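Asker: Dumping the structure here so I can ask a few things about it.
The values are calculated or read from the model by the stated rules, or taken from the named source; none is laboratory data. Nothing here was measured: the structure is a model prediction, and the numbers come from that model. No Cβ is skipped: glycine too gets one built from the backbone with ideal geometry, and neighbour counts run over all protein chains shown.
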Amino acid sequence: MSRLGVACLAFAIGMPLAAHAQEDAPAIDIETGGKLKLTRGISTIEGQGGGGLTPWALMTGNETDRGVGGTAHVTVVELPDYSFLSYGVALGLFDRVEFSYTRQEFDTQDVGTALGLGRGFTFSQDVWGAKMRVIGDAIYDQDTWLPQVAIGANWKKNDQGAVVSAVGGADDEGWETYATATKILLDSSLLLNGTLRWTNANQTGLLGYGGNLNNDHELMGEFSAGWMLSPDLVVGAEYRMKPDNLAIAKEDDWVDIYAAWAINHHVTLTGAYVDLGSIATFDNQRGVYFSLQSGF
């Protein structure tokens, strides 16, 4: 047989074999859903999956390691002299990586007049975030004390650069990184979390980054605890340390006591009492926090 004949015979035999192999190739399915209720966390005021004030090592969305998930949230905080609004979206990939975007708006209400900014003057900023799980599994590692650990970073851009400079802020945009560890003890219905944040943000960046007292990034501790009263309801508390960079206004640590209710697998409602201390020279900023999150 000629070389051309051999080539034609091989081609003719190979075609059905290749087609058969293609038919038998396993399909790659991308799944949604699968997590226990509340184990995607609620959305922080900066958009990450976690508590209201501090991120957890849990990835946002309802996905397992075989799929994708996502969330959208809106959060309102009402204080004696200010109001705060954040809203955003987040994407979770294979319970390993998380990406988020959040818009924050801080309304000075009547205080704006006293500060010479005008009534209802609003500071706004955009927050882009990324987080990655690096070790551990908060649900399946019940036979070890090893927590689930994640690292993350935020990039923030404030829209009031002139005012930030006037109050002593060094910049109207900035970055921060963090490492966070979450341990869920299913037999005790407890969630414990600790976060270390490397930051120089003033009031999370709403008053800029760095200042006339300090311009360097500092390591701040953040802590969360939750008690699961049922698969649908968790109550707990958070504590977030804050840098103090501006001579014009002392900045206090933040505290909240919260309850989060998973109405179903897709919707979570959170309410909290918050104590944010002194903000822009106005003390005793204690109020209420409400957040609505939907996810898949």
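Asker: Looking at segment 210-233, can you tell me whether even one residue there is under 19 Å from Y82 (Cβ atoms) and under 20 Å from the mean Cα position of the chain (by Cα)?
Answerer: No, the conditions are met nowhere in segment 210-233.
Asker: Further question: Any residue at all in segment 136-146 that's out of contact with any Ser or Thr (no Cβ under 6 Å at 6 or more places or on another chain) and in a strand (DSSP E or B)?
Answerer: No.
Asker: Here's another thing I want to ask about it. For segment 41-64, does any single residue satisfy the condition of being surrounded by fewer than 23 Cβ atoms within 10 Å (Cβ to Cβ) and in a strand (DSSP E or B)?
Answerer: No, segment 41-64 contains no residue that is surrounded by fewer than 23 Cβ atoms within 10 Å (Cβ to Cβ) and in a strand (DSSP E or B).
Asker: Between G236, G271, which is in contact (Cβ under 8 Å) with a residue 60 or more places away in the chain and in contact with a Phe, Trp or Tyr (Cβ under 9 Å, 6 or more places away or on another chain)?
Answerer: G236
Asker: Kindly indicate whether any position in segment 240-255 is touching a residue at least 24 places away in the same chain (Cβ under 8 Å), surrounded by 19 or more Cβ atoms within 10 Å (Cβ to Cβ) and β-branched (V, I, T).
Answerer: no
Asker: Same structure again: Of these, G116, G120, which one is assigned to a loop (DSSP other than H, G, I, E, B), surrounded by fewer than 17 Cβ atoms within 10 Å (Cβ to Cβ), in contact with an Asp or Glu (Cβ under 8 Å, 6 or more places away or on another chain) and modelled with pLDDT under 95?
Answerer: G120
Asker: Kindly provide the set of residues from segment 27-67 that are within 17 Å of G129 (Cβ to Cβ) and without any contact (Cβ under 8 Å) to a residue 40 or more places away in the chain, ordered by number.
Answerer: G41, T44, listed by residue number.
Asker: For segment 177-201, name all the residues that are surrounded by fewer than 22 Cβ atoms within 10 Å (Cβ to Cβ) and not polar (S, T, N, Q).
Answerer: Answer for segment 177-201, where residues must be surrounded by fewer than 22 Cβ atoms within 10 Å (Cβ to Cβ) and not polar (S, T, N, Q): A179, A181, K183, L185, L186, D187, L190, L192, G194, L196, W198.
Asker: Say whether the condition of being of a type outside the set (A, V, I, L, M), more than 20 Å from D252 (Cβ to Cβ) and touching a strand residue (DSSP E or B) at 6+ places or on another chain (Cβ under 7 Å) is met by at least one residue in segment 141-150.
Answerer: Checked segment 141-150: at least one residue is of a type outside the set (A, V, I, L, M), more than 20 Å from D252 (Cβ to Cβ) and touching a strand residue (DSSP E or B) at 6+ places or on another chain (Cβ under 7 Å).
Asker: While we're on this one: Counting residues that are among the aliphatic types (A, V, I, L, M), which strands (runs of 3 or more DSSP E) fully inside segment 179-268 reach at least 1?
Answerer: Hits in segment 179-268: 190-199, 218-230, 233-240, 254-262.
Asker: Look at Y87 and say whether it is surrounded by fewer than 16 Cβ atoms within 10 Å (Cβ to Cβ), of a type in the set (F, W, Y), part of a strand (DSSP E or B) and within 14 Å of the chain's Cα centre (by Cα).
Answerer: No.
Asker: Within segment 21-35, can one find any residue that is modelled with pLDDT of 90 or more and either over 30 Å from N284 (Cβ atoms) or surrounded by 24 or more Cβ atoms within 10 Å (Cβ to Cβ) (or both)?
Answerer: yes
Asker: Against the condition over 25 Å from G208 (Cβ atoms), modelled with pLDDT of 95 or more, assigned to a loop (DSSP other than H, G, I, E, B) and among the hydroxyl-bearing types (S, T, Y), how does T71 come out, does it pass?
Answerer: no
Asker: OK, next. For segment 94-113: of the residues being part of a loop (DSSP other than H, G, I, E, B) and of a type outside the set (V, I, T), which is nearest to E31 (Cα to Cα)?
Answerer: F94
Asker: Of the residues V164, V134, V76, which single one is surrounded by 14 or more Cβ atoms within 10 Å (Cβ to Cβ) and either closer than 23 Å to T199 by Cβ or free of Cβ contacts under 8 Å to residues at least 60 places away in the same chain (or both)?
Answerer: Every option except V164 fails the conditions.
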